[in-house]
1. With labels modelled as points extended 7 Å from the Cα through the Cβ direction, what inter-label distance (nm, one decimal) is found for TYR42 paired with LYS22?
2. Please go through the residue pairs LYS70/LYS149; LYS3/LYS149; LYS22/LYS70; LYS96/LYS148; LYS27/LYS209 and name each one whose alpha carbons sit more than 28 Å apart in this structure.
3. Across region 59-72, in residue order, what do the Karplus-derived ³J(HN,Hα) couplings come to in whole Hz, using 6.51 cos²θ - 1.76 cosθ + 1.60 with θ = phi - 60° and x for Gly and Pro?
4. Under 15 Å Cα-Cα from LYS26, which aspartates and glutamates qualify once same-chain neighbours fewer than 8 residues away are excluded?
5. Residue-wise, which Karplus ³J(HN,Hα) couplings in Hz belong to region 23-38, taking 6.51 cos²θ - 1.76 cosθ + 1.60, θ = phi - 60°, and x for glycine or proline?
6. What list of ³J(HN,Hα) values in whole Hz, one per residue of region 198-203 in order, does the Karplus curve 6.51 cos²θ - 1.76 cosθ + 1.60 (θ = phi - 60°) give from phi, with Gly and Pro shown as x?
7. Can you compute log10 of I(q)/I(0) for the chain with the Debye formula, treating each Cα as one identical point scatterer, at q = 0.07, 0.15 Å⁻¹?
8. In deg cm²/dmol, rounded to 500, what helix-only [θ] at 222 nm does the chain give when every DSSP H run of at least 4 residues adds -39500 (n - 2.57) and the total is split over its residues?
Amino acid sequence: MSKVHVFNHPLIQHKLSLIRDKHTGKKDFRELVEEVAMLMAYEVTRDFPLQEIEVETPIGLAKCQVIAGKKVGLVPILRAGLGMVDGVLRLIPAAKVGHVGLYRDPETLKPVEYYCKLPTDVEERDLIIIDPMLATGGSAVAAIEFLKKRGAKNIKLMCLIAAPEGVKAVQDAHSDVDIFVGAVDDHLNDHGYIVPGLGDAGDRLFGTK
Ligand code: PRP
Ligand code: URA
């Protein structure tokens with residue numbers, strides 16, 4: 001069974017409260033999503049293995065630790081996942097970025113694929129799928145399936161807010177994928193929106209609707 005990590009860091013929780021607020025405008029919303037994604041990346045990379053190297057300082061030799069040859073791939077689910085990309089890249093600038101385009105059919109709530117472009121060496125990379133919302137879980141489950149079909153073995157899922165239904169869907173379908181979230185909310189409403197959630201992440205990021 002995959003693990004669910006809920007970030008309890010005060011900065012993440014504080015910024016998440018501002019993101020949820022319906023009075024927060026586009027500019028602040030975008031900046032906050034990016035900042036929270038950066039803080040989450042700090043936690044998601046906590047298990048990266050280190051190796052010892054020697055560094056010559058102006059005074060002498062220091063035994064230091066560096067990340068041991070990790071190749072990271074970042075995979076935003078379009079559109080709303082794009083809002084988290086720059087924040088993560090600020091901490092992992094060498095990551096390659098793949099894109100999976102999915103939207104939820106408003107009637108069936110099932111994900112519809114419209115784009116997929118991944119790094120060619122996806123099977124060698126530690127992949128982090130990013131999307132602000134994990135609602136029914138349909139989009140995340142489909143994105144993980146795309147990556148696995150291309151040979152990906154090591155996948156994490158990072159979201160701002162999840163519904164219990166979405167967490168369960170991912171765990172049932174992909175028990176090897178750990179889930180990192182800022183909060184697990186109460187439930188989904190009849191339109192598949194997370195309650196209380198933050199509304200429509202894509203619309204709030206891009207000013208549509
Ligand atoms: C939102 C969100 C997720 C998906 C979550 O995207 O960004 O991708 O819904 O819902 P699910 O867990 O029920 O699949 P949406 O389909 O609204 O597309 P958008 O990002 O283009 O707005
Ligand atoms: N997608 C969103 O943007 N928000 C939700 O609450 C659910 C799906």
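1. Distance between label points: 3.2 nm.
2. LYS22/LYS70, as the Cα separations exceed 28 Å there.
3. For region 59-72, the Karplus-derived couplings read 9, x, 8, 10, 7, 10, 10, 10, 5, 7, x, 6, 10, 10 Hz, x marking Gly and Pro.
4. By straight Cα distance, LYS26 reaches GLU34, GLU35, ASP200, ASP203.
5. 7, 6, x, 3, 5, 5, 4, 4, 5, 5, 4, 5, 5, 5, 4, 5
6. 9, x, 8, 4, x, 5
7. Log10 of I(q)/I(0), two decimals: -0.21, -0.91.
8. The helix contribution divided over the chain gives -10000 deg cm²/dmol.
Throughout, read-outs are computed from the coordinates displayed, never taken from laboratory work. A quick note: this is a predicted structure, and the numbers were derived from the prediction, not measured. Cβ coordinates were reconstructed from backbone atoms using ideal geometry, including for glycine residues, and neighbour counts include every protein chain displayed.
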